[in-house]
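Heads up, the thing below is written out as structure tokens.
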Amino acid sequence: MIDALLVRGRRPAALDRLPDGGGWLFIEIGGDDPADAHANAERVAAVLADRTGAATSIAADPRDQKQLWGIREAASGIATRIPTADGSTEAWPGWEDAAVPPERLGAYLREFRALLLDHGLRGIPYGHFGEGCVHVRIDFELTTEDGRARFRAFMEDAADLVVAHGGSLSGEHGDGQARAELLPRMYSPEILRLFEAFKAIWDPDDLLNPGVLVRPRAMDADLRFDGPVRELPLTLRYPHDGGSLAVATRRCVGVGKCIDTSTGVMCPSYMATGKEEHSTRGRARLLSEMMRGETVTDGWRSTEVRDALDLCLACKGCLSDCPVHVDMASYKAEFLHQHYRGRCGRPRTTPSVSCPCGRASPPPCRGSPTRCSTRSGCRTC
Ligand code: SF4
């Protein structure tokens with residue numbers, strides 16, 4: 001988790017509070033007053049050191065506590081990228097919510113790690129260890145047929161593993177189509193028939209969530225990345241996303257820090273309008289749809305995407321505060337560059353993209369189509 005955080009993020013000073021190790025368990029301890037809480041914490045630390053040999057550290061400063069909890073709260077975003085030797089790779093939900101009885105957690109985690117290795121997969125576990133619930137995103141290769149077959153094989157084996165430990169496929173978030181196909185591994189046929197009969201009482205025409213839990217569609221039937229991604233010309237290099245804007249926009253997994261108006265700096269345009277399309281998340285989703293070409297069909301010429309980006313201040317608040325570092329300012333520069341490429345009418349206020357030669361891009365159109373110089377490359381190139 002920390003390695004993933006540091007691939008692009010700033011190093012929070014509170015990391016220095018963590019003792020040495022490869023994983024950390026946060027324990028919150030109270031008392032009648034701060035001194036009593038501190039004394040209780042020292043007693044717990046002494047017992048842990050004595051019985052387990054674990055290194056401990058007490059974070060009593062509220063700023064440290066806030067920073068450390070902030071990392072945990074951002075985990076579902078941080079864990080979307082797993083560090084590799086040359087950067088990071090995408091990681092996906094699917095097996096992100098299994099829970100086992102807390103006393104089985106250690107054994108489950110050891111076998112779970114072995115299972116990941118067997119399938120050639122990696123994941124970053126985090127979650128509510130006190131309740132035995134482990135969240136993990138895994139580097140499934142969902143864009144290839146082989147990768148989807150491996151996803152299916154892993155999910156089936158993982159379901160058997162969690163059931164063998166007396167656990168549940170979902171401890172917190174619910175099953176959904178991702179795991180409903182696996183429910184027969186956890187429940188008897190009789191229980192499943194009762195689920196079906198109960199739903200039929202309230203929803204006889206099967207209008208509500210058809211194919212999701214009762215008579216579910218296959219877990220790999222409606223994956224978000226089925227289907228082609230459009231090959232649109234790019235000017236920026238996206239070095240952290242393998243040169244792909246589609247991969248860059250997939251950074252957003254909908255955590256929603258950009259629409260949390262109580263903290264941080266982002267997203268100022270959402271704070272002003274309260275509209276999803278003016279949030280980092282909304283813009284990332286629109287750009288992603290544009291790359292897929294199903295609902296936004298006119299590529300770089302899309303007026304929907306242009307309008308959603310219009311109020312983006314290019315402040316880079318998302319690059320610093322978003323847990324997955326969505327860089328909307330760069331995507332906006334790319335979009336506007338491509339949107340007005342070869343056309344008259346680029347507003348003077350829109351940011352520009354430098355020519356690959358390093359010179360500044362041409363000035364915006366002054367109004368006469370015959371004199372329009374808004375095309376790729378600088379004047380010299
Ligand atoms: S760069 Fe744009 S999307 Fe990102 S926080 Fe600023 S206004 Fe919002």
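What to note about this one:
- Global form of segment 2-73, assessed from the alpha-carbon gyration tensor, a/c cut-off 1.5: oblate
- P(r) tail fraction, the chain - alpha-carbon pairs more than 32 Å apart, %: 47
- With the cut-off at under 13 Å, measuring from each backbone N in segment 267-302 to a point 7 Å along the Cα-to-Cβ line of D260 picks out 267.
- Of the residues P189, P102, P216, the one that moves most in a GNM of the chain with alpha-carbon contacts below 10 Å is P189.
- Extension gain from I29 to T89, taking 0.36 nm per residue of separation minus the Cα-Cα distance: 17.9 nm
- Where trypsin sites (Lys or Arg not before Pro) fall in DSSP loop in segment 1-90, at most 13 other Cβ within 10 Å: R10
- Using a Förster distance of 25 Å, the FRET efficiency for V47-Q67 (Cβ separation, nearest 0.05): 0.45
- Most mobile of V162, V305, V214 in a GNM of the chain (Cα contacts under 10 Å): V214
- Orientation-averaged projected area, Cα convex hull of segment 276-318 (nm²): 2.9
- FRET E, pair A153, R341, Förster distance 45 Å, beta-carbon r, rounded to 0.05: 0.50
- Counting other Cβ atoms within 10 Å as a rough exposure proxy, the listed residues F112, F335, F198, F129 run F198, F129, F112, F335 from fewest neighbours to most.
- On Cα atoms only, tilt of 145-164 relative to the major axis of the chain in degrees: 20
- Residue among D220, D205, D307 with the largest mean-square fluctuation in a Gaussian network model of the chain, springs linking Cα atoms under 10 Å: D205
- Nearest 10 degrees, 0 to 90: helix 105-118 Cα axis against the chain principal axis: 50
- Shape metrics for segment 239-339, restricted to C-alpha atoms - Rg then Dmax, Å: 12.4, 36
- Distance between modelled label sites at A37 and D222, nm, 7 Å Cα→Cβ extension: 4.5
- The calculated FRET efficiency for K275 paired with K199, based on their beta-carbon distance and R0 = 45 Å, is about 0.80.
- Cα→Cβ-extended label distance, 7 Å offset, between A164 and L313, nm: 5.4
Only the coordinates and a few stated rules stand behind these numbers; no lab work does. It should be emphasised that the depicted structure is a prediction, and the values quoted were computed from it without experimental measurement. Neighbour counts run over all protein chains shown; Cβ positions are idealised from the backbone, glycine included.
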